[in-house]
1. Collect residues whose amide H, placed 1.01 Å from N in the peptide plane, falls under 5 Å from the amide H of Arg161; neighbours closer than 5 in sequence don't count.
2. Under 1.5 on a/c is rounded, so check that first for segment 114-183, then, if it is not, pick prolate when a/b is larger than b/c and oblate when it is not; a ≥ b ≥ c are the square roots of the alpha carbon gyration tensor eigenvalues.
3. Explain nothing, just compute: Karplus ³J(HN,Hα) = 6.51 cos²θ - 1.76 cosθ + 1.60, θ = phi - 60°, for every residue of segment 109-116 in order, whole Hz, x for Gly and Pro.
4. How high is the FRET efficiency between Asp204 and Asp496 when r is their beta carbon distance and R₀ equals 51 Å, given to the nearest 0.05?
5. Taking 0.36 nm per intervening residue step and subtracting the Cα-Cα distance, what contour gain separates Glu89 from Arg480 on full extension?
6. Quick one: what are the phi-derived ³J(HN,Hα) couplings along segment 219-227, Karplus 6.51/-1.76/1.60 with θ = phi - 60°, whole Hz, x for glycine and proline?
7. Which of the GluC sites (Glu not before Pro) found in segment 455-548 are in a DSSP loop and have at most 11 neighbouring Cβ atoms, other than their own, within 10 Å?
8. Can you give the FRET efficiency to the nearest 0.05 for Thr193 and Ala447, using r as the Cβ-Cβ distance and R₀ = 25 Å?
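Just so you know, all these numbers are worked out from the coordinates, no wet-lab data involved. Just so it is clear, the model here is predicted, and its values are computed rather than measured. Cβ sites come from the backbone with ideal geometry, for glycine too, and all protein chains shown count toward neighbours.
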Amino acid sequence: MNDQIATTDTTATEWWRTAVIYQVYPRSFADSDGDGIGDLPGITSRLPYLARLGVDAVWLSPFYPSPQADAGYDVSDYRGVDPLFGTLEDCDRLLRDAHALGLRVIVDLVPNHTSDEHAWFRAAVASPPGSPERARYIFRDGQGPDGTLPPNNWKSVFGGRAWSRWPGESQWYLHLFDRRQPDLDWQHPEVRTEFEDVLRFWLDRGVDGFRVDVAHGLIKAPGLPDWERQASMVGDGTDDGVNMGPMWDQDGVHAIYRDWRRVLDAYPGDRMMVAEAWVRPQAHLARYVRPDEMHQAFNFDYLLARWDARMLRRVIDGSLAAAASVGAPTTWVMSNHDTVRHTARLGLSKPGVRPKGIDSKAEQPDEALGLRRARALAFLTLALPGSAYLYQGEELGLPEHTTLDAAYRQDPAFHRTNGAEVGRDGCRVPIPWIADAPSFGFGPGPATWLPQPDGFAHYAVDQQEDAPGSTLELYRAVLRLRREYGLGNGQLRWLDSGPDMLVLDNGPVRVVVNFGFGAAVLPAGRLLIGSVSSEQPEPEIIQGNSAMWLAVPGR
Ligand code: NOJ
């Protein structure tokens, strides 16, 4: 491997360019009232924990009124808070407290589809075909002599077909996800003005930005042509092109984001948007973060990369170059609420592959090995220039729940595929805070909307706080050093290394990752911190499946 300089814009100062952003999945973070479902007051009570962790911002997954057919990604009112999670006042308090602690807050915006309980959809199904009420969604007549065949062959991301008929209705409506998530027609001007207004509603309340759900899906190809392949939300790292169908990444989406950018730019304080766009190649992703569109896009190529030095280096270089070509920062993402936790993925025999959920019939990850690699990967991720996203619990090294009984599963993907796809519940299990409390301190009582495995006790916050070498303390230390050395705003330079190693300098920090099982020779530099141990019994050696941060000699 040769030296190489990858460029980022080190002169720009907006906070989001270098921010570490922590994803809170509200139903599973902290429960204040004991109903087993996390809520906004619960999150507010734990903000000091997040401030101490050393992150810059919090992204909240949806907490809006919703029948919860897709855990809140089915919104029935874009301007409220579901009673499950609290009230608008609770939200205001959360924003106030977060800002007082120096934390920014990003909320989720779900524009591709509403809930089937949204007033617009209710009006649509109560109105005749061809009515203005229906025009906000994608209703079509069926095929065949009596219209009983769907309008095209599109499949839902969650399994089954992407079209349904409302009871007693002849027309079909499109839903790329669950049948309870009808797709909006973004060619309709009212849809556009409504969402600009929703943006203003939350900006006026003080949010610092939006995570935009399914940002690549809002515009569909004219005529809705057939597409033989499965529409997939998340690739498995091998399926280039899977999201190239007529429902994804159409040029028309960009005009929407340019309009939204104008809305955000009218507000003070560097408000931002981050695209959830599962598109390839990186050059296409970069189009979402052109100077007049969004600010960031999740880097899913990084999330999907295997435990493989060459693959990771390729992805890192490719992402930095693509983002730099439009003056945007890269993001680095290892896990989120839609993917098997990376502790589990890295403990599989093919480390880093992304199964769509793990159940007791599947290969069980090696928990210790997965955690060891996850800690090393965090050392790499948090040393890279740009912005990084953390998913709640990863700072604890939390494993996936891989033996969750089918009876508890709630993911519509599990139900729509009759269990063929295990789904995402295993990464959404409530967080353990206190090892010997009911619900591990998630709530005041024992209730949790998904059962927590016994092994979670070991990962509880109170077991790790101030415990030298715990994953939590490692995250805290690494985040502090990242900030101290300005790594988010740094420049990356690769150093020569063996095939199973990555060695890079970012400013005064030299990062060494050993992807192999055997120990390897450590390059020069004084040890700052190690993913296995911060003492170095054998100088000049780095153990397998581990990482170290060294001080670059002479700096
Ligand atoms: C992406 C979200 O992250 C996921 O949880 C959701 O199911 C789909 N979009 C549909 O909104």
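1. Ser156
2. Details: a/c = 2.03, a/b = 1.11, b/c = 1.83.
The shape class here is oblate.
3. 10, 10, x, 6, 8, 10, 7, 6
4. Numbers: r = 53 Å, r/R0 = 1.04.
Once the sixth-power term is evaluated, E becomes 0.45.
5. 137.5 nm is the gain from fully extending Glu89 to Arg480.
6. Values, residue by residue: 10, 9, 4, x, x, 6, x, 4, 8 Hz.
7. Details: sites: Glu465, Glu473, Glu484, Glu535, Glu540; in loops: Glu465, Glu535, Glu540.
Sparse-neighbourhood loop GluC sites (Glu not before Pro): Glu535, Glu540.
8. Values: r = 41 Å, r/R0 = 1.66.
Working from the Cβ atoms, E equals 0.05.
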